[in-house]
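Report on the structure given below.
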Amino acid sequence: MRPVQPNAGVTEAYRKKLDRLVEAMHRSVQWWLKASYRANEPRILAADETPADALRRSMRDLSARWLKKFDEAAESLAEYFAQSVEKRSSAALRNILRNSGMTVEFKMTPVMRDVVDATVHQNVALIKSIPAQYLEQVEGMVMRSVQTGRDLGQLSEDLQNRLGVTKRRAAFIARTQNQMATSAFNRVRLQEVGVTEAIWTHSGGGKEPRPTHVKAGRERTRFSVSKGWFDPAVKQFIQPGELINCRCVGRPVVKGFS
């Protein structure tokens with residue numbers, strides 16, 4: 001049968017939601033930097049506090065505020081993502097099975113609920129890591145700016161570059177997590193309907209394809225849906241789309257159909 005592909009719309013919607021959070025954080029940091037670097041702005045310092053100390057303290061207050069905002073958003077956003085992937089991947093598999101003469105109605109079984117929960121927890125951690133990395137890098141840039149005497153213009157340029165890096169990481173999270181979640185959900189659903197085998201299909205879409213995956217796709221290697229395929233490169237059993245940047249899929253094999 002045809003394989004279940006990750007839904008591109010889910011990836012894009014997830015990426016946009018992550019981008020909105022990142023851009024709001026970036027605008028807040030930009031505003032703070034401009035206010036803090038104004039030459040004519042009076043700065044109230046403690047008796048033993050230097051301007052660098054004041055910047056560091058203010059930056060850490062700002063970081064605490066945005067880490068909290070991401071923490072508050074992470075659970076609901078991760079739940080939204082996991083439910084979206086489950087809904088679309090189950091619908092796609094249901095249509096594929098129907099075209100092969102099998103009519104099924106999927107329910108949220110305990111096994112699927114466990115996989116959905118694991119996906120939520122994994123994405124909560126990834127969402128929280130976005131501001132942690134960004135703000136740590138920004139604090140370092142601010143301190144280096146103080147040390148070297150660079151102006152606000154240079155620091156703003158560095159900050160814009162960091163925004164680009166952070167948004168690319170958010171896009172990477174959205175894409176790879178959609179691939180991994182689709183693979184995990186599809187595995188559970190196939191087992192629920194009694195499909196035990198699939199054929200490894202290489203996507204051909206990656207810039208640096210894994211030679212073992214290319215070979216498995218070329219040879220139409222069959223593998224156990226429950227166990228996965230043994231990848232000699234990583235020396236373990238894996239599922240299609242499970243490894244980072246793997247876009248391979250599995251074509252379900254139903255006995256009695258050619």
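The values are calculated or read from the model by the stated rules, or taken from the named source; none is laboratory data. On a predicted model such as this, the values are computed, not experimentally measured, just so you know. Every residue, glycine as well, gets a Cβ built from its backbone with ideal geometry; the counts of neighbours run over all protein chains shown. Just so you know, the surface numbers come from the protein's heavy atoms only, side chains and all, with ligands and any DNA or RNA stripped out. Shrake-Rupley method; radii C 1.70, N 1.55, O 1.52, S 1.80 Å.
Key figures
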{"quantity": "Label-point separation, Glu12 to Glu75 (7 Å along Cα→Cβ), nm", "calculated": "3.2"}
{"quantity": "Out-of-range pairs (alpha-carbon distance over 24 Å; input Lys16/Lys69; Lys17/Lys128; Lys107/Lys215; Lys16/Lys68; Lys16/Lys215; Lys87/Lys167)", "calculated": "Lys107/Lys215; Lys16/Lys215; Lys87/Lys167"}
{"quantity": "Solvent-accessible surface (1.4 angstrom probe) belonging to His121, in square angstrom, nearest 10", "calculated": "120"}
{"quantity": "Accessible area of Lys34 in the full protein assembly, 1.4 Å probe (Å², nearest 10)", "calculated": "110"}
{"quantity": "Order of exposure, largest accessible area first, which applies to Arg60, Arg210, Arg98 with probe 1.4 Å", "calculated": "Arg60, Arg98, Arg210"}
{"quantity": "Peptides ranked, highest mean first, by Cβ atoms within 10 Å: ranges 72-79, 247-254", "calculated": "247-254, 72-79"}
{"quantity": "Shape category assigned to region 138-258 from the gyration tensor of Cα positions, a/c cut at 1.5", "calculated": "prolate"}
{"quantity": "Per-residue [θ]222 nm for the chain (sum of -39500 (n - 2.57) over DSSP H runs n ≥ 4, rounded to 500)", "calculated": "-23500 deg cm²/dmol"}
{"quantity": "Net length gained if the chain between Glu197 and Arg220 were fully extended (0.36 nm per residue, minus Cα distance)", "calculated": "7.1 nm"}
{"quantity": "Span-like helix ranges in the chain, DSSP H, alpha carbon extent 27 angstrom or more, Kyte mean at least -1.0", "calculated": "8-37, 51-99, 110-148, 152-192"}
{"quantity": "Trypsin sites (Lys or Arg not before Pro) restricted to DSSP loop in region 163-221 with at most 11 other C-beta within 10 Å", "calculated": "Lys207, Arg220"}
{"quantity": "Of all accessible heavy-atom area on region 141-204, the percent that carbon and sulfur account for (1.4 Å)", "calculated": "48"}
{"quantity": "Average accessible surface area per residue within the chain, 1.4 Å rolling probe, Å²", "calculated": "54"}
{"quantity": "Inter-label distance for Gln5 and Ala35, nm, one decimal - labels placed 7 Å from Cα along Cα-to-Cβ", "calculated": "4.8"}
{"quantity": "Region 235-256-region 134-157 distance, computed between alpha-carbon centres (Å)", "calculated": "45"}
{"quantity": "Thr148, Thr109, reordered so the largest accessible area comes first (probe 1.4 Å)", "calculated": "Thr148, Thr109"}
{"quantity": "Accessible-area value, Ser156, 1.4 Å probe, nucleic acids and ligands omitted, Å²", "calculated": "40"}
{"quantity": "Spin-label zone in region 184-202 - amide nitrogen under 18 Å from a point set 7 Å from the Cα of Gln122 along the C-beta vector", "calculated": "184-191"}
{"quantity": "Order of exposure, largest accessible area first, which applies to Phe70, Phe237 with probe 1.4 Å", "calculated": "Phe237, Phe70"}
